[in-house]
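The values are calculated or read from the model by the stated rules, or taken from the named source; none is laboratory data. All of these numbers come straight from a predicted model, not from anything done at the bench. Note that we place each Cβ from the backbone using ideal geometry, even for glycine, and neighbour counts take in every protein chain shown. Remember, those area values only see protein heavy atoms, side chains included, never the ligands or the DNA or RNA. Shrake-Rupley method; radii C 1.70, N 1.55, O 1.52, S 1.80 Å.
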Amino acid sequence: MSAAGFSTGRLVRLAETARAPVGFTFDGEALTGLEGDTVLTAILLSRGALRASEFGPEARAGFCLMGACQDCWVWQEEGPRLRACSTPLAEGMRLLSAAPAQWPARSA
Amino acid sequence: MSRVLIAGAGPAGIRAAETLAGAGLHPVVVDEAARAGGQIYRRPPVGFTRPPEKLYGSEAAKARALHGSFDALVAEGRITHLPGRSVLALRDGVAYVLGEAREEIRHDRLILATGATDRLAPVPGWQAGGVYSLGAAQIALKTQGVALGRRIVLAGTGPLLTLLASQLQAAGAQVAAVLDTAPLRAQLTGGVGMALARPLVTLRGLRLRVGLGRIYHAGVTLERIETDESGPTAMVWCDARGRRHETRCDMVGLGWHLRADGTLADIAGARFDWDRAFHQWLPRADALGRAGEGLYLAGDGLRILGADGAELAGQVAAIACLQDLGLPHPEPAPLLRQLARMRRFAEAMACAFPWPDEAIGRLPDDTVICRCEGVRAGDLRNTLPLSGPEANRAKSLGRVGMGRCQGRYCQLAGAEIIAAASGRPPSEVGRLRAQPPARPAPVGAWLSEAPTECEAEAE
Ligand SMILES: Cc1cc2nc3c(=O)[nH]c(=O)nc-3n(C[C@H](O)[C@H](O)[C@H](O)COP(=O)(O)OP(=O)(O)OC[C@H]3O[C@@H](n4cnc5c(N)ncnc54)[C@H](O)[C@@H]3O)c2cc1C
Ligand code: FES
């Protein structure tokens with residue numbers, strides 16, 4: 001099991017299903033979301049969590065969805081983190097539940 | 001022309017911008033969201049098809065009016081909207097703003113209309129992934145068309161609790177229980193005051209409540225959220241008669257009404273007072289929202305008066321700004337009378353749906369208080385002999401309020417625990433001072449790129 005927990009989705013789509021598909025990867029696995037999904041929505045439709053907690057055994061899956069709690073950070077293979085609840089999904093995103101091995105690659 | 005910057009494009013910020021534009025000024029409006037609307041009138045991304053009636057129910061006409069007015073003013077070039085950007089810091093007439101790039105916005109006057117966040121009380125087990133704020137569940141439904149779980153328990157108190165439950169049900173989600181910690185007695189007493197101030201709104205709330213039927217329970221005590229590695233599995237609670245229940249679920253939504261987000265107001269130099277009615281620290285301002293030299297506050301970030309109150313407060317703050325500039329302005333008196341009614345309603349509502357201060361003071365030592373860093377009630381109590389009963393010192397030693405949310409979701413509960421342990425009211429425990437940046441920002445954004453300089457006035 002990946003660090004990001006079990007592999008059935010946490011979220012359920014109730015409406016707005018007629019949108020164009022958007023491909024991305026999460027921990028190397030190819031997943032599909034819909035245009036207009038946030039990164040959080042797209043990941044949690046297929047996964048139970050975004051990442052593991054740094055401070056306890058529990059998984060992280062966002063909390064406020066309005067950019068105030070910072071619970072929803074995920075990593076990109078290219079390095080910088082994203083706030084998943086307020087970042088729109090984009091085609092080809094390569095997302096990770098943990099920091100890439102070489103991070104931080106760019107020393108400021 | 002004077003350069004006025006407005007932070008927040010919710011009902012308060014939109015009405016403030018409209019009032020200033022009406023007087024011939026050209027305000028700049030910054031908001032984190034991609035589209036203007038704020039919390040209640042938050043808009044889904046372009047391409048979503050549910051009409052406002054479906055998204056905002058009884059408030060659809062107000063949503064249409066606000067969005068329409070704002071979009072028209074932007075299209076006519078009478079206001080500048082800078083979406084997708086957070087105001088992180090304020091100093092000497094410059095707002096430090098971060099979106100895709102870093103910007104510095106010079107201004108002469110500043111209207112803060114940054115709204116509120118859910119007010120959270122810890123429940124043992126709430127640190128599990130799959131526990132969300134009530135607002136989160138509503139945002140997910142409104143702007144993404146998703147439910148945050150398959151079997152949902154909503155708990156806490158306040159108008160959003162019943163409203164969200166009915167919205168989720170109407171959209172086809174399964175709501176297993178709606179657990180209101182407000183005793184029926186408080187609801188009846190407060191309800192009378194609410195009905196006197198705003199009969200129709202009160203009746204609408206009552207109707208939603210009745211519609212929930214037997215899944216709604218008043219006067220509950222929340223014992224704990226059962227969890228396994230997948231997240232919540234059940235809510236354990238006691239009903240008003242003390243009988244224990246365990247309701248199976250895979251998602252828990254929690255919220256106790258709202259907490260004014262005073263981060264930017266604090267950074268801008270506003271002073272704060274403990275408000276007994278709202279049971280939280282609120283910024284000090286005059287009747288029109290003046291909170292300092294060239295600083296105006298409006299909406300839920302000043303007083304939690306709801307969306308209609310926020311529209312009024314936005315206009316009033318803009319009027320104060322126009323008065324101070326010596327410009328012609330609309331007459332504030334009728335707006336202030338309406339605001340007084342909103343305030344009576346909101347104070348009665350605070351009595352009807354009280355913050356569970358005593359229950360928080362009694363939380364077991366192993367309850368996580370700070371969800372960001374897993375600091376427990378016992379850790380906080382143990383720091384008190386060293387730190388003394390003062391919130392900022394307890395924070396430096398015990399880390400409650402130090403995490404990524406910057407205390408937004410733990411500081412009120414932390415204050416109750418310190419208060420209960422030291423036998424004094426939470427007002428004497430002190431308020432956590434806000435620090436810039438208002439949102440965590442990557443250091444790289446600060447060091448690498450030179451900022452774009454803008455003036456808060458496009459002409
Ligand atoms: C999650 C949530 C759901 C709610 N749902 C309902 C509901 O269904 N019905 C109801 O009657 N009331 C609801 N309320 C209350 C209602 O939203 C408010 O009464 C009303 O929206 C207040 O308007 P406002 O203009 O003061 O602030 P808001 O509408 O909250 O707008 C504040 C704006 O400021 C922006 N902002 C905040 N900080 C920054 C920053 N640092 N930089 C840039 N921009 C910033 C935000 O993005 C937001 O758009 C809800 C509140 C919340 C928090
Ligand atoms: S879920 Fe709170 S910031 Fe994203």
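The residues on offer are B:188, B:163, and the sole one that is of a type outside the set (Lys, Arg), open to solvent by 40 Å² or more (accessible area, probe 1.4 Å) and modelled with pLDDT under 95 is B:188.
Within the range A:53-70, can one find any residue that is more than 7 Å from every other protein chain (Cβ to nearest Cβ), more than 16 Å from ligand 1 (Cβ to nearest atom) and within 13 Å of the chain's Cα centre (by Cα)? Within the range A:53-70, none of the residues are more than 7 Å from every other protein chain (Cβ to nearest Cβ), more than 16 Å from ligand 1 (Cβ to nearest atom) and within 13 Å of the chain's Cα centre (by Cα). Listed by first and then second residue, the pairs linking a residue in the range B:184-196 that is closer than 12 Å to residue B:344 by Cβ to a residue that is among the hydroxyl-bearing types (Ser, Thr, Tyr) and open to solvent by less than 30 Å² (accessible area, probe 1.4 Å), with Cβ atoms under 6 Å apart and 6 or more places separating them unless they lie on different chains, are B:194/B:202; B:195/B:202.
Residue-wise test of (1) modelled with pLDDT under 80; (2) more than 14 Å from chain A (Cβ to nearest Cβ); (3) open to solvent by less than 30 Å² (accessible area, probe 1.4 Å).
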{"residue": "B:387", "(1), (2), (3)": "no, yes, yes"}
{"residue": "B:393", "(1), (2), (3)": "no, yes, no"}
{"residue": "B:396", "(1), (2), (3)": "yes, yes, no"}
{"residue": "B:405", "(1), (2), (3)": "no, no, yes"}
{"residue": "B:419", "(1), (2), (3)": "no, yes, yes"}
{"residue": "B:423", "(1), (2), (3)": "no, yes, no"}
{"residue": "B:430", "(1), (2), (3)": "no, yes, yes"}
{"residue": "B:442", "(1), (2), (3)": "yes, no, no"}
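Just to check your reading of the model, which residue among B:116, B:121, B:136 is within 17 Å of the chain's Cα centre (by Cα), within 12 Å of ligand 2 (Cβ to nearest atom) and at pLDDT 95 or above?
Values: B:116 fails: within 12 Å of ligand 2 (Cβ to nearest atom); B:121 fails: within 12 Å of ligand 2 (Cβ to nearest atom).
That would be B:136, the only listed residue that is within 17 Å of the chain's Cα centre (by Cα), within 12 Å of ligand 2 (Cβ to nearest atom) and at pLDDT 95 or above.
Residues in the range B:208-221 that are touching a residue at least 60 places away in the same chain (Cβ under 8 Å) and open to solvent by 30 Å² or more (accessible area, probe 1.4 Å): B:221 only.
Could you say whether any residue in the range B:252-262 is out of contact with any helix residue (DSSP H, G or I) (no Cβ under 8 Å at 6 or more places or on another chain) and buried (at least 24 other Cβ atoms within 10 Å of the Cβ)? Taking every residue of the range B:252-262 in turn, at least one turns out to be out of contact with any helix residue (DSSP H, G or I) (no Cβ under 8 Å at 6 or more places or on another chain) and buried (at least 24 other Cβ atoms within 10 Å of the Cβ). Filtering B:148, B:154 for residues that are surrounded by 24 or more Cβ atoms within 10 Å (Cβ to Cβ), closer than 26 Å to residue B:346 by Cβ and at pLDDT 95 or above leaves a single hit, B:154. Quick check: anything in the range A:49-66 open to solvent by 10 Å² or more (accessible area, probe 1.4 Å), near ligand 2 (Cβ under 6 Å from one of its atoms) and part of a helix (DSSP H, G or I)? No, that holds for no residue.
Condition check ((1) of a type in the set (Lys, Arg); (2) touching a Gly at 6+ places or on another chain (Cβ under 6 Å); (3) free of Cβ contacts under 8 Å to residues at least 60 places away in the same chain) across all residues:
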| residue | (1), (2), (3) |
| --- | --- |
| B:4 | no, no, no |
| B:20 | no, no, no |
| B:23 | no, no, no |
| B:39 | no, yes, no |
| B:53 | no, no, yes |
| B:60 | no, no, yes |
| B:66 | no, no, no |
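Taking the conditions exactly as written (modelled with pLDDT of 95 or more, within 12 Å of chain B (Cβ to nearest Cβ) and surrounded by fewer than 24 Cβ atoms within 10 Å (Cβ to Cβ)), does residue A:34 satisfy them or not?
Numbers: modelled with pLDDT of 95 or more: yes; within 12 Å of chain B (Cβ to nearest Cβ): yes; surrounded by fewer than 24 Cβ atoms within 10 Å (Cβ to Cβ): yes.
Judged against the criteria, residue A:34 is a match.
Can residue B:343 be described as over 26 Å from residue B:198 (Cα atoms) and in contact (Cβ under 8 Å) with a residue 12 or more places away in the chain? Answer is no for this residue.
On the given criteria, is residue B:18 in contact with a Leu (Cβ under 8 Å, 6 or more places away or on another chain), open to solvent by 30 Å² or more (accessible area, probe 1.4 Å) and over 28 Å from residue B:134 (Cβ atoms)? When the stated conditions are applied, residue B:18 passes them.
Can you tell which of A:8, A:41, A:17 is within 8 Å of another protein chain (Cβ to nearest Cβ), touching a residue at least 12 places away in the same chain (Cβ under 8 Å) and in a loop (DSSP other than H, G, I, E, B)? Lay out the reasoning, then the answer.
Values: A:8 fails: within 8 Å of another protein chain (Cβ to nearest Cβ); A:41 fails: in a loop (DSSP other than H, G, I, E, B).
So the residue among A:8, A:41, A:17 that is within 8 Å of another protein chain (Cβ to nearest Cβ), touching a residue at least 12 places away in the same chain (Cβ under 8 Å) and in a loop (DSSP other than H, G, I, E, B) is A:17.
The single condition among (1) near ligand 1 (Cβ under 10 Å from one of its atoms); (2) more than 14 Å from chain A (Cβ to nearest Cβ); (3) not β-branched (Val, Ile, Thr) that residue B:39 does not meet is (2).
Residues are listed down the side, and each one gets a yes or a no for (1) within 15 Å of ligand 1 (Cβ to nearest atom); (2) closer than 19 Å to residue B:14 by Cα; (3) not acidic (Asp, Glu):
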residue: B:282; (1), (2), (3): yes, no, yes
residue: B:293; (1), (2), (3): no, no, no
residue: B:311; (1), (2), (3): yes, yes, no
residue: B:331; (1), (2), (3): no, yes, no
residue: B:348; (1), (2), (3): no, no, yes
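Just checking, how many residues over the range A:67-85 are under 24 Å from residue B:438 (Cα atoms) and either more than 15 Å from ligand 2 (Cβ to nearest atom) or crowded, with 23+ Cβ neighbours inside 10 Å (or both)? Quick ask: steps written out before the conclusion?
Taking the range A:67-85 and keeping what is under 24 Å from residue B:438 (Cα atoms), we get A:67-76, A:79-85.
Imposing the further condition that a residue be either more than 15 Å from ligand 2 (Cβ to nearest atom) or crowded, with 23+ Cβ neighbours inside 10 Å (or both) reduces the set to A:68-69, A:71-72, A:74, A:76, A:79-80, A:84-85.
Qualifying residue count, the range A:67-85: 10.
Residue count for the range B:159-188, restricted to those that are under 14 Å from residue B:140 (Cα atoms) and more than 14 Å from chain A (Cβ to nearest Cβ): 1.
The set of residues in the range B:222-250 being of a type in the set (A, V, I, L, M, F, W, C) and either touching a helix residue (DSSP H, G or I) at 6+ places or on another chain (Cβ under 8 Å) or open to solvent by 20 Å² or more (accessible area, probe 1.4 Å) (or both) consists of B:222, B:238, B:240.
Residue check: is residue B:366 out of contact with any Pro (no Cβ under 7 Å at 6 or more places or on another chain), of a type in the set (D, E, K, R), within 16 Å of ligand 1 (Cβ to nearest atom) and open to solvent by 10 Å² or more (accessible area, probe 1.4 Å)? Let's see the steps before the verdict.
Details: out of contact with any Pro (no Cβ under 7 Å at 6 or more places or on another chain): yes; of a type in the set (D, E, K, R): yes; within 16 Å of ligand 1 (Cβ to nearest atom): no; open to solvent by 10 Å² or more (accessible area, probe 1.4 Å): yes.
In short, no.
For the range B:139-152, the set of residues classified as under 18 Å from the mean Cα position of the chain (by Cα) and either at positive phi or of a type in the set (A, V, I, L, M) (or both) consists of B:139, B:140, B:141, listed by residue number.
Within the range B:267-289, how many residues are crowded, with 19+ Cβ neighbours inside 10 Å and touching a strand residue (DSSP E or B) at 6+ places or on another chain (Cβ under 7 Å)? Explain how you work it out, then say what you get.
Of the residues in the range B:267-289, the ones crowded, with 19+ Cβ neighbours inside 10 Å are B:267-268, B:270, B:278-283, B:285, B:288-289.
Checking the rest, the ones that are also touching a strand residue (DSSP E or B) at 6+ places or on another chain (Cβ under 7 Å) come to B:267-268, B:270, B:280-283, B:285, B:289.
So the answer is 9.
For residues that are modelled with pLDDT under 95, out of contact with any strand residue (DSSP E or B) (no Cβ under 9 Å at 6 or more places or on another chain) and open to solvent by less than 60 Å² (accessible area, probe 1.4 Å), tally how many sit in the range B:71-103. Counting residues in the range B:71-103 that are modelled with pLDDT under 95, out of contact with any strand residue (DSSP E or B) (no Cβ under 9 Å at 6 or more places or on another chain) and open to solvent by less than 60 Å² (accessible area, probe 1.4 Å) gives 1.
In the range B:53-70, is there at least one residue being near ligand 1 (Cβ under 7 Å from one of its atoms), within 14 Å of chain A (Cβ to nearest Cβ) and surrounded by 17 or more Cβ atoms within 10 Å (Cβ to Cβ)?
Residues of the range B:53-70 near ligand 1 (Cβ under 7 Å from one of its atoms): B:59.
Subsequent filtering for residues that are within 14 Å of chain A (Cβ to nearest Cβ) retains none.
The answer is no; no qualifying residue exists.
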